[in-house]
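Each reported figure results from applying straightforward, stated rules to the coordinates on display, with no laboratory input. As the structure is a prediction and not an experimental result, all values here were calculated from the model. Heads up, the Cβs are rebuilt from the backbone with ideal geometry, glycines too, and the neighbour counts pull from every protein chain shown.
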Amino acid sequence: MITIIGAGSTTAASLIPILLQETDAPLQLVSSRPLAYEDVRITQSTIDVRDKNVLKETIMKSQPEVIINLAAVTNVDKCESDKQTCWDVNVTLVENLARLARIVDARMVHVSTDYVFDGQKGPYAETAVPHPISYYGKSKLAGENACIVGSMQAAVVRTNVVYGPFVERPDFVRWVLDALESRTPIRVVNDQYSNPTYVDDISESILRIIQKKRSGIYHVGGADYCSRYEFALRIAEFFRADPSNISPVTTAELKQPARRPLKGGLITLKAETDLGMKMRGIESGLSTIRHLMFAK
Ligand SMILES: NC(=O)c1ccc[n+]([C@@H]2O[C@H](COP(=O)([O-])OP(=O)(O)OC[C@H]3O[C@@H](n4cnc5c(N)ncnc54)[C@H](OP(=O)(O)O)[C@@H]3O)[C@@H](O)[C@H]2O)c1
């Protein structure tokens, strides 16, 4: 049994079909809401994962071999204004899961972020020393530590700027495409750098970590390193849209509530060599999205 916490997340929407196809394990989907999956191998638990007792009951009943945690408060600015919820989900939940993983002897895979770094000199390798500059980043670093210290067999997958084909789950690519389509002017930061990650590369890495029984930290990111502004222009170019509504802005000018790492991003050599991953570049990720858009 593989249990997925946060089964309604963007990443889960990619991971669940991949696990169904590439493994024969039964899947327990744990989410705050009922999800539209129909498969004989899937069971669903609709619970509030912050309720420690209900979470314990859910895990003890299913006795999973693997627990994958995708639940997180991912709105970086909201984490500054609602620190309690951020901590409850990004840290306390992970502590509880790690304890339960130890009790049922499950491997744990937890997903984290390049926002654990300060962005002074990215992209970062797994050996770089974290230094978060936002509450979100601090909570995610505390969550990583809770996972690694609390569970016996834990892997942490750090990723950044995740995008995928999901129309109903707005990500950066969807935001830019919607703006291009409606000819809405947008300002995009030209001094925040990352390597945008096609969501299937995270799922594939998680799958390989499980199959190879790996533990420790793995960085998963795309093959191209660029600013958000450059990424937006590449989206416009790829979809042959007029880029004139996309204008550059600096992070200082934008005045977002949470501080952002500027030179962020992740070096993915370990995942490439140890897991055999080949990370997609922007062109390849956008091609897949276009293919899926036209396949509908
Ligand atoms: N998206 C990115 O660009 C990005 C970048 C770097 C790292 N990451 C990391 O990747 C992981 C997955 O991210 P994602 O973008 O796939 O997540 P997401 O789409 O934002 O979904 C997160 C899920 O967490 C659960 N959740 C959120 N708030 C909650 C609350 N208050 N109480 C209980 N559960 C709550 C929900 O699960 P249910 O719907 O199942 O209830 C939600 O769907 C996270 O650990 C995130 O930090 C993401």
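With the chain treated as a Gaussian network of Cα nodes joined by springs under 10 Å, which of VAL161, VAL40, VAL49 yields the largest mean-square fluctuation?
It is VAL40.
Just to be sure I understand the model, the point goes 7 Å from the Cα along the line to the Cβ. What's the resulting GLU237 to ILE18 distance in nm?
2.7
Which of the listed residues, LEU20, ALA258, SER244, is farthest toward the dipole's positive end in the chain, when Lys, Arg count +1 and Asp, Glu count -1 at the beta-carbon?
It is ALA258.
Lys/Arg Cβ at +1, Asp/Glu Cβ at -1, dipole of the range 58-210 taken about the Cα centre: which of ASN75, SER151, PHE172 is farthest positive-ward?
Value: SER151.
Go through the range 43-60 residue by residue and turn each phi into a ³J(HN,Hα) via Karplus (6.51, -1.76, 1.60, θ = phi - 60°); whole Hz please, and just put x for glycine and proline.
Values, residue by residue: 10, 10, 10, 9, 9, 8, 5, 7, 7, 4, 6, 5, 4, 4, 4, 4, 6, 5 Hz.
Can you list residues from other chains, or at least 5 along the same chain, whose modelled amide H is less than 5 Å from the amide H of VAL156?
When sequence neighbours closer than 5 places are left aside, the close amide H contacts are HIS110, GLY216, ILE217, TYR218.
Quick one: putting +1 on the C-beta of Lys and Arg, -1 on the C-beta of Asp and Glu, what dipole do you get for the chain around its Cα centre, in Debye to the nearest 20? Let's see the in-between values first.
On the way: 35 positive and 34 negative charges, 75 e Å.
Computed about the Cα centre, the dipole is about 360 debye.
Run through the DSSP bridge list for the chain and note the antiparallel percent, rounded to the nearest 5.
Approximately 5 percent, going by the DSSP bridge assignments.
Would you calculate, for the chain, the mean residue ellipticity at 222 nm contributed by helices, counting each DSSP H stretch of 4 or more residues as -39,500 (n - 2.57) and dividing by all residues, to the nearest 500? Intermediate values should be presented prior to the final figure.
On the way: 12 runs with 122 residues, N = 296.
That comes out to -12000 deg cm²/dmol.
What size of dipole, in debye to the nearest 20, comes out for the range 1-72 about its Cα centre when the only charges are +1 on Lys and Arg C-beta atoms and -1 on Asp and Glu C-beta atoms?
Dipole size: approximately 280 debye.
Taking amide hydrogens as modeled 1.01 Å from N in the peptide plane, which residues meet the under 5 Å criterion relative to VAL66, leaving out close sequence neighbours?
Amide H to amide H, under 5 Å and 5 or more residues apart or across chains, VAL66 pairs with THR3, ARG107.
Of the options THR92, SER62, GLN120, report the single residue whose Cα projects farthest towards the positive end of the charge dipole of the range 55-120 (beta-carbon charges: Lys, Arg +1; Asp, Glu -1).
Farthest along the dipole direction, towards plus: SER62.
Mind checking which aspartates and glutamates have their Cα closer than 15 Å to the Cα of LYS255? Skip sequence neighbours fewer than 8 apart in that chain.
ASP77, GLU80, ASP191
Can you give me the Rg/Rh ratio for the chain, using Cα atoms for both radii and the Kirkwood formula for Rh? The partial results should precede the final answer.
Values: Rg = 18.7 Å, Rh = 19.5 Å.
In the chain, Rg relative to Rh is 0.96.
Nearest 10 degrees is fine. How inclined is helix 228-238 to the longest principal axis of the chain, computing both from alpha carbons?
Computed tilt is about 80 degrees.
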